[in-house]
Amino acid sequence: MSQQVGVIKRINGSLVVAEGLKGARTGDAVYIGELKLIGEVVRISGDLVALQCYEDTSGLRPGEPVFGTGAPLLAELGPGLIGEIFDGLERSEIELWKLAGPFIRRGVRVAPLRRDRKWRFEPRVKPGEEVEEGDVIGVVQESSVIEHRILVPVGFRGVIESIEEGSFTVDDVVAVLAAPSGEKIPLKLVQYWPVRIPRPYRERIPIDRPLITGQRVIDTFFPVAEGGTAAIPGGFGSGKTITLQQIAKWSDADVVIYVGCGERGNEMADILTHFPELEDPRTGKKLIERAIFIANVSNLPVAAREASVYMGVTMAEYFRDQGYDVAVIIDSTSRWAEALRDISGRLEEIPAEEGYPAYLSERIAELYERAGRVVVLGKDRRVGSVTIMGAVSPPGGDFSEPVTSTTMRFVGALWALDTELAYRRHFPAINWLRSFTRYVDVLEGFWARFDPQWKTYRERALAILEEASRLEEIARVIGEKALPNDQRLILLTAEIIREGFLVQSAYHKVDTFCPPEKQVKLLKIMINFHEIASELVKLGIPVDRIRSLRSVMELLRLKEKESLEEIDALYEHAKEDLMRLRAEYEAAGVARGP
Amino acid sequence: MSFLREKAGPIYRTVREVRGPLLVVEGVKGARYNELVEVKLADGTEIIGTVLDVSEDRAVVQVFGQTEGLSLDSAVRFTGDVMKIPLSDDLIGRIFSGSFRPLDGLPEPIGYERREIFVSVINPAAREPPSEFIQTGISVIDGMNSLVRGQKLPIFSEAGLPHNVMAAQIARQSTVLGPEEEFAVVFCAMGIKYEEYEYFRREFEKTGALDRAVMILNLANDPIIERIIAPRIALTIAEYLAFDLDMHVLAILTDMTGYCEALRSISIAREEVPARRGYPGYMYSDLASIYERTGKIKGKKGSITTMPILTMPGGDITHPIPDLTGYITEGQLILSRELHGRGIYPPVNPLPSLSRLMKDGVGPGRTRDDHIEVSNQLYMAYAEGIKARDLARIIGELSLSDREKRYLRFAEEFERKFINQGVYENRPIEKTLEIAWDLLAMLPEDELVRISEENIRRYHPRYRSA
């Protein structure tokens, strides 16, 4: 740590102006005042340097010292990240609690990774082997599901001179690398990376696999691909957080990073308390064994909120570089944007729309661009991905506000939450008319394995829903009874799709996670039902008769059944009832004559 | 003044500018950011303030209290310490002003310790997720928007609606199923009228709650700027009672609209760039620093449950005050002028109302197995009923289908029998669910899709009587 020392000249909220920090660069981390509060250089003019302080500045006064570190804000990366709860500056909140009690105190320092813990390190290379950046030199079994691969840090290559198997702390030297320059470089389990700079990779590759979330409306209708991006905008009370939590719990990513950015403390507490108990449906292990939490809640200093998002994405890239598929969930990017606005305002920059800085869209685009599916650095051409899903909290539920409208331009899928649906307790309250996805074509191959007709079913179902919403408008004026029978059937099928497919209970033990094959089956049944019922309606059978069949209304509950055979059997039952109804009518028709 | 331990610190008579509640003082040496200052006006009145912006020889001070009479010859004393209040159990039963002056004629409190009122953040890792159901005895809350200990659940109201009556009823009736525990009420008034305060005082007195209450009052005619510190004083006391003295605290903050207006005044005086409708861009974070002091802590017995009340300007829920509040609080109870007009009390419209923590506090082992499902079904059926009512307004009730007519009748009965109840009527949760089932029995059984078959078998009146 280099020792530039400056003096505080002015304090205005989180903005601190200092003099005498020679050689400071923007983005450099600094320690402010006698308490050594963490901050960052945001602007330099002449001898004066503007600093953004990440902690509360109460009690600070002009004349106190400022220490420059000469390095940007870094993420500490290594074994021990999994299962941890950090604040936006990568301080372990569990350690802070042990150290300082249940309230967060300023100026308390804890190292991100635990220093006392020893990890079993198994080398994967031998002395004399040539390695380059990104190569795996060895592994540590970090949790029962995550094998933490120790990589040659970016920017280094050479010949392994020595490497040791054994138990090490993150600070111990596990290997020595002889660089071409002759320099001996000690390699440890820990490495560092500046959070604002994307970690490099070899090349981007096309995305073709969905991130399965087990949520029907997402997976079937508006899927996101591994390496893709999605935004989930919604006013308060539209079930945004619960939807994100469901994705965090059930998504099939190898590692899940949940960034609680400026959100409720009790919600974080709920996640932090209940996540460890949850079982991963695929591995049967606990979900906490593959999750990292960043809990920068709404009443923590605003400036740290801005950094928390980059901290999360940097950790994601680090696991991607090991060859994992990582999902990053950010709740909420609006709070992050507000932090940008707050800092911009204190710097007295000229505001653009609604007080947000003019570079808002640039920052949002940069953030989502850190997602992707890539061949990572290293000789073995491992593939990894980062999928970013960000919540957006539009003020007043207005999607035309700057953060929402900008985000919509840069994401691949949009899950638009709808307060009206939430009022009706239709959850997840994702509006099927306003949501979109750009990934259907690239994902068709995946779904075709379950049923080659998948895309057709999906399009048909969306068309029925769309048509139904138009008809509902008309029915609202003239009453449903006044509609012709074929249109009333559309309304009935739409109701079956809505209640029996789109509505999914996060609290029902079976319904909470719906595997892809079951999703396809349910959808197929509903489209098939519509075709059969359409024929019946053509024969003049009233929709009310179809609706009155108990087995038809049972279609709404198929989602609660676990076994696919049972679902098939129940549908066969409904089909038989429909056929019987048809036979009854045909017989009556014949009797009555033409 | 109880904020100050002793009269210490340098005094400056170098005020160069007065702008609303802001004073610019020059030649100041060694002032700290957010430091407490004392301002002595020409007529001898003493008010307090804090440092908002400090440079090497200049400090901007924001005063709390009356801003009339501020002048260039005011004397400003820098105390060298941030704003703290003394804390002890003697505070219970006391009444203070928004700047912590006793209003009950009793002496200034002496505390065991003094604590900062501005900075207090519960470590998310140390939070205990709220899960204890609070029975308020009000069906529309208990049945459909249950309150749990450690939750912040605001009432979104409009001028002229009975939000105070409802808040007082909640304060009176709230109990947790199980053994009795020590409780306290912290009441913070921001810009409400004297009669409103008087109403709360009388209601608390009736049930003896007044002896368990701490009141912080900033009434409509008190200095608006004091509203910035009033809720923070209230919550600092609440934290002390809950986490040091193991009490269960209900904090009532009314009216948050008054608070936000004060925040806006200061922001405008500081010439900040406004975000929406003149309110500052940091209002979300500011409100969070108040609301988020609610909660429970692992390993501590006590809890803080907060019920902020706010009147939505023009009944507009997209207005920044209700909007930002809704993003921070764990749900909201929304009062409806239409229900009020039809004589329904409490006029809580369940459709847009929500309690996010309900799922953790009710259900098997807490209230009853069918609670959540019944609640979801009531929502769905009432929404259908409202749709039918809207339709009937256009095409006439006679043209509705049988199904629509049934839901319309359900909605009317639901409002009259379930939502509606007496101001002094305290319904146990079993009673609430019983009324709900009697109403749901009006609908065909296979339309009860949100309720599992087992629960229909167990609780539906048809099977109950059989």
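Yes or no: A:GLU93 charged (D, E, K, R), on the phi < 0 side of the Ramachandran plot, in contact with a Phe, Trp or Tyr (Cβ under 7 Å, 6 or more places away or on another chain) and within 14 Å of chain B (Cβ to nearest Cβ)? So A:GLU93 passes the test. With respect to being assigned to a strand (DSSP E or B) and of a type in the set (Lys, Arg), A:LYS22 falls outside the description. Restricting attention to segment A:380-398, the residues that are within 14 Å of another protein chain (Cβ to nearest Cβ) and either more than 13 Å from the chain's Cα centre (by Cα) or of a type in the set (D, E, K, R) (or both) add up to 6.
The number of residues in segment A:472-487 that are under 19 Å from A:ILE546 (Cα atoms) and either modelled with pLDDT of 95 or more or more than 11 Å from chain B (Cβ to nearest Cβ) (or both) comes to 4.
So in segment A:287-305, with the set limited to residues that are free of Cβ contacts under 8 Å to residues at least 60 places away in the same chain and not polar (S, T, N, Q), which one is nearest to the other protein chains (Cβ to nearest Cβ)? Of everything passing the filter in segment A:287-305, A:VAL297 is nearest to the other protein chains (Cβ to nearest Cβ). Of everything listed in (1) surrounded by 13 or more Cβ atoms within 10 Å (Cβ to Cβ); (2) more than 24 Å from A:GLY500 (Cα to Cα); (3) of a type in the set (A, V, I, L, M), the single unmet condition for B:LEU398 is (1). Any residue in segment A:565-574 that is loosely packed, with under 15 Cβ neighbours inside 10 Å and assigned to a loop (DSSP other than H, G, I, E, B)? Looking through segment A:565-574, none of the residues is loosely packed, with under 15 Cβ neighbours inside 10 Å and assigned to a loop (DSSP other than H, G, I, E, B).
Restricting attention to segment A:249-280, which residues are of a type in the set (Phe, Trp, Tyr), under 12 Å from the mean Cα position of the chain (by Cα) and either assigned to a helix (DSSP H, G or I) or within 7 Å of chain B (Cβ to nearest Cβ) (or both)? Matches in segment A:249-280: A:TRP250 only.
Would it be correct to say that A:SER361 is surrounded by 23 or more Cβ atoms within 10 Å (Cβ to Cβ) and small (Gly, Ala, Ser)?
Considered against the rule, which asks whether it is surrounded by 23 or more Cβ atoms within 10 Å (Cβ to Cβ) and small (Gly, Ala, Ser), A:SER361 comes out as no.
Consider segment A:452-481 and keep the residues that are in contact with a helix residue (DSSP H, G or I) (Cβ under 7 Å, 6 or more places away or on another chain) and among the β-branched types (Val, Ile, Thr). The one that is nearest to A:ALA533 (Cα to Cα) is A:ILE464. Summed over segment B:293-302, the residues that are crowded, with 24+ Cβ neighbours inside 10 Å and either more than 8 Å from every other protein chain (Cβ to nearest Cβ) or within 12 Å of the chain's Cα centre (by Cα) (or both) give a count of 4. On the stretch given as segment B:328-360, residues that are in contact (Cβ under 8 Å) with a residue 40 or more places away in the chain, in a helix (DSSP H, G or I) and surrounded by fewer than 24 Cβ atoms within 10 Å (Cβ to Cβ) total 4. Among the residues of segment B:373-386, is there at least one that is touching a Pro at 6+ places or on another chain (Cβ under 9 Å), crowded, with 20+ Cβ neighbours inside 10 Å, away from chain A (no Cβ under 14 Å) and part of a helix (DSSP H, G or I)? Checking segment B:373-386: not a single residue is touching a Pro at 6+ places or on another chain (Cβ under 9 Å), crowded, with 20+ Cβ neighbours inside 10 Å, away from chain A (no Cβ under 14 Å) and part of a helix (DSSP H, G or I). Taking the listed residues A:LEU287, A:LEU278, A:LEU347, the one that is surrounded by fewer than 22 Cβ atoms within 10 Å (Cβ to Cβ) and more than 30 Å from B:MET358 (Cβ to Cβ) is A:LEU347, with no other qualifying.
Inside segment A:112-123, residues that are crowded, with 16+ Cβ neighbours inside 10 Å and out of contact with any Phe, Trp or Tyr (no Cβ under 8 Å at 6 or more places or on another chain) make up a count of 3. Can you spot a residue in segment A:429-436 that is within 14 Å of another protein chain (Cβ to nearest Cβ) and either at pLDDT below 90 or buried (at least 20 other Cβ atoms within 10 Å of the Cβ) (or both)? Yes - at least one qualifying residue is present in segment A:429-436. Among residues of segment B:387-409 that are at the interface with chain A (Cβ under 7 Å from one of its Cβ atoms), those with a beta-carbon under 8 Å from a residue that is of a type in the set (Val, Ile, Thr) and surrounded by fewer than 16 Cβ atoms within 10 Å (Cβ to Cβ) at least six positions away or on a different chain give the pairs B:ILE394/A:VAL477; B:ILE395/A:VAL477; B:ILE395/A:ILE478.
If you go through segment A:38-56 and pick out every residue that is in a loop (DSSP other than H, G, I, E, B) and hydroxyl-bearing (Ser, Thr, Tyr), you end up with 1.
In summary, B:GLN421 fulfils each of the numbered conditions (1) touching a helix residue (DSSP H, G or I) at 6+ places or on another chain (Cβ under 7 Å); (2) closer than 23 Å to B:THR305 by Cα; (3) part of a loop (DSSP other than H, G, I, E, B) with the single exception of condition (2). Screening the candidates B:ARG276, B:ARG368 for the property of being more than 27 Å from A:GLY260 (Cα to Cα), surrounded by fewer than 23 Cβ atoms within 10 Å (Cβ to Cβ) and either modelled with pLDDT of 90 or more or within 11 Å of chain A (Cβ to nearest Cβ) (or both) yields one hit, B:ARG368.
Could you list all residues from segment B:396-436 that are of a type in the set (Val, Ile, Thr) and in contact with a Gly (Cβ under 7 Å, 6 or more places away or on another chain)? Of everything in segment B:396-436, just one residue is of a type in the set (Val, Ile, Thr) and in contact with a Gly (Cβ under 7 Å, 6 or more places away or on another chain), namely B:THR432.
Condition check ((1) buried (at least 22 other Cβ atoms within 10 Å of the Cβ); (2) more than 18 Å from the chain's Cα centre (by Cα)) across all residues:
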position	(1), (2)
A:ARG196	no, yes
A:ILE205	no, yes
A:ILE212	yes, no
A:GLN215	yes, no
A:ILE218	yes, no
A:GLY227	yes, no
A:ALA230	yes, no
A:PHE236	yes, yes
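Here is a yes/no grid of residues against (1) touching a residue at least 40 places away in the same chain (Cβ under 8 Å); (2) closer than 30 Å to B:GLU116 by Cα; (3) assigned by TED's automatic domain parsing to the domain that holds A:ASP331:
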{"residue": "A:GLY80", "(1), (2), (3)": "yes, no, no"}
{"residue": "A:GLU90", "(1), (2), (3)": "yes, yes, no"}
{"residue": "A:GLU93", "(1), (2), (3)": "yes, yes, no"}
{"residue": "A:LYS98", "(1), (2), (3)": "no, yes, no"}
{"residue": "A:PHE121", "(1), (2), (3)": "yes, no, no"}
{"residue": "A:ARG124", "(1), (2), (3)": "no, no, no"}
{"residue": "A:GLU130", "(1), (2), (3)": "no, no, no"}
{"residue": "A:ASP135", "(1), (2), (3)": "yes, no, no"}
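Out of curiosity, is B:GLY80 touching a Lys or Arg at 6+ places or on another chain (Cβ under 8 Å), in a strand (DSSP E or B), within 14 Å of another protein chain (Cβ to nearest Cβ) and within 21 Å of B:GLY111 (Cβ to Cβ)? Against the criterion (touching a Lys or Arg at 6+ places or on another chain (Cβ under 8 Å), in a strand (DSSP E or B), within 14 Å of another protein chain (Cβ to nearest Cβ) and within 21 Å of B:GLY111 (Cβ to Cβ)), B:GLY80 qualifies. Among the residues of segment A:472-520, just one is acidic (Asp, Glu) and surrounded by 19 or more Cβ atoms within 10 Å (Cβ to Cβ), namely A:GLU480. In segment B:312-319, is there at least one residue being assigned to a helix (DSSP H, G or I), closer than 28 Å to A:PHE427 by Cα, within 13 Å of chain A (Cβ to nearest Cβ) and hydrophobic (A, V, I, L, M, F, W, C)? No, segment B:312-319 contains no residue that is assigned to a helix (DSSP H, G or I), closer than 28 Å to A:PHE427 by Cα, within 13 Å of chain A (Cβ to nearest Cβ) and hydrophobic (A, V, I, L, M, F, W, C). Using the structure shown, decide if B:ILE85 is in contact with a Leu (Cβ under 6 Å, 6 or more places away or on another chain) and closer than 30 Å to B:ALA209 by Cβ. In short, no.
The values are calculated or read from the model by the stated rules, or taken from the named source; none is laboratory data. Since this is a predicted model, take the numbers as computed values, not measurements. Every residue, glycine as well, gets a Cβ built from its backbone with ideal geometry; the counts of neighbours run over all protein chains shown.
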